[in-house]
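These notes are about the structure you will find just below.
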Amino acid sequence: MAYGSPATEADIAAYYTHIRSGRTPAPEALAELTERYRAIGGSHLTEITRAQAKALSERTGMPAFAGMKHAPPFIADAASEAKRAGVERLVGLPLAPHYARMSLGGYRRSLEEAWDHDLVFVPGFHDHPAFIAAVRQLLQEAVAESRPERIFFTAHSLPARIIAEGDPYRDQLLASCRLVAGGLDVPDWEFAFQSASHTGQPWLGPDLLEAIERSGARDILVCPIGFVADHLEILYDLDVEAQAFASERGIWFRRTRSFNARPEFIDALARVTADALVRVA
């Protein structure tokens with residue numbers, strides 16, 4: 001399961017409305033999101049997710065179905081497809097490593113509403129050795145190409161109130177960063193949040209752009225550890241917005257490659273799936 005994205009520019013309004021639980025977005029907000037998708041030439045997240053599902057099926061020998069939280073094919077569509085295929089036990093696998101009730105909890109609710117058979121839900125895989133090893137490989141590749149002055153691990157920000165509610169999201173992110181960087185010959189690193197929405201309430205920080213400027217570093221490598229594919233938040237927030245921010249300040253800025261359907265990530269998903277099934281056997 002993944003977040004979803006509009007298939008065409010004409011689908012952006014319906015997609016944005018679905019994210020907002022049926023509330024129509026303001027025209028200026030819709031125009032801003034449309035411009036972001038235009039800037040990256042549209043999103044291929046659905047195709048990437050389907051490719052990940054196909055590769056996972058080939059790797060495990062089990063059927064895999066792709067469902068999106070906010071766009072077709074929806075999670076309910078994938079559940080229906082699984083039922084038609086005769087599946088009796090389903091593994092719910094959100095393609096997000098770190099658990100937050102308002103994100104992964106939403107995937108679980110959507111799937112439970114659509115699936116009335118046996119369900120094994122995977123609530124993240126932030127510390128799974130196979131995931132950590134896969135991130136380490138991405139990071140080592142980027143550092144080998146050119147050693148940066150400083151590394152920033154990033155993930156999507158969420159409303160700050162989740163900390164008071166006892167949500168493990170930030171703690172899991174920091175744990176992942178420590179596991180990835182531990183024992184590697186890499187420059188100093190820190191963690192920052194990216195892609196906060198403007199909702200009138202505080203969001204988790206520090207903000208990536210503010211952290212970069214405060215660091216004084218002139219050669220930056222970002223490892224978006226909270227993302228496993230080329231989302232809008234990667235292709236626009238990092239490749240366009242953060243890149244422009246850095247260029248204006250004479251900072252060399254780049255990021256690690258996205259997993260998408262890279263074999264080491266598919267292998268990690270296969271191990272996560274197998275371990276989830278073992279726990280309920």
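The values are calculated or read from the model by the stated rules, or taken from the named source; none is laboratory data. Bear in mind that the values here come from a model prediction, so they are computed numbers and not experimental data. Cβ placement follows ideal geometry from the backbone for every residue including glycine, while neighbour counts extend to all protein chains displayed. The accessibility values were calculated without ligands, DNA or RNA, using every heavy atom of the protein model including side chains. Shrake-Rupley method; radii C 1.70, N 1.55, O 1.52, S 1.80 Å.
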- Message: Let me cross-check K83: its accessible surface, 1.4 Å probe, with only protein heavy atoms counted, in Å² to the nearest 10?
- Response: 80 Å²
- Message: From Cα pairs below 8 angstrom and at least 6 apart in sequence, can you work out the relative contact order of the chain, rounded to a whole percent?
- Response: 21 percent
- Residue separation times 0.36 nm, minus the C-alpha to C-alpha distance between S57 and E35: what's the value? 4.4 nm
- In the neighborhood of P263, defined by Cβ-to-Cβ distances under 14 Å, what is the net charge if each Lys or Arg adds +1 and each Asp or Glu adds -1? +1
- Task: Name the residue farthest towards the positive end of the dipole of the chain from the options A78, S197, A134, assuming +1 on Cβ of Lys and Arg, -1 on Cβ of Asp and Glu, about the Cα centre.
- Result: A78
- How much of the DSSP beta bridge set in the range 110-259 is antiparallel, as a percent to the nearest 5? 5 percent
- Relative pair counts by distance (%), Cα atoms of the range 1-147, 10 Å bins: 10, 32, 34, 19, 4, 0
- Item | E213 paired with D185, simple spin-label distance in nm, labels 7 Å along Cα-to-beta-carbon | 3.6 nm
- Can you give the calculated 222 nm mean residue ellipticity of the chain, where each DSSP H run of n ≥ 4 adds -39,500 (n - 2.57) and the sum is split over every residue, rounded to the nearest 500 deg cm²/dmol? -13500 deg cm²/dmol
- Task: Under 13 Å from the Cβ of A164, count the other residues' Cβ atoms, weight Lys and Arg +1, Asp and Glu -1, and hand me the total.
- Result: +1
- Item | Label point distance in nm, R20-S146, each placed 7 Å from Cα along Cα→Cβ | 4.0 nm
- Message: With Cα extents along the principal axes in Å as the read-out, I listed (i) 84, 34, 29; (ii) 51, 44, 34; (iii) 57, 48, 38; which label goes with the value calculated from this structure?
- Response: (iii)
- Task: Apply 1/(1 + (r/R0)^6) to the Cβ-Cβ distance of D275 and L119, taking R0 = 22 Å, and write down the FRET efficiency to the nearest 0.05.
- Result: 0.85
- With all protein chains in place and a 1.4 Å probe, S21 shows an accessible area in Å² (nearest 10) of 110 Å²
- Item | D77 accessible area, 1.4 Å probe, all protein chains in place, Å² to nearest 10 | 70 Å²
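Counting Lys and Arg as +1 and Asp and Glu as -1, what is the net charge of the other residues whose Cβ lies under 13 Å from the Cβ of R254?
For residues surrounding R254, the net value is 0.
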- Item | Pairwise centroid distance, computed over Cα atoms, of the range 204-264 with the range 46-77, Å | 27 Å
- Task: For the chain, give the share of DSSP beta bridges that are antiparallel, in percent and rounded to the nearest 5; count only bridges with both residues there.
- Result: 5 percent
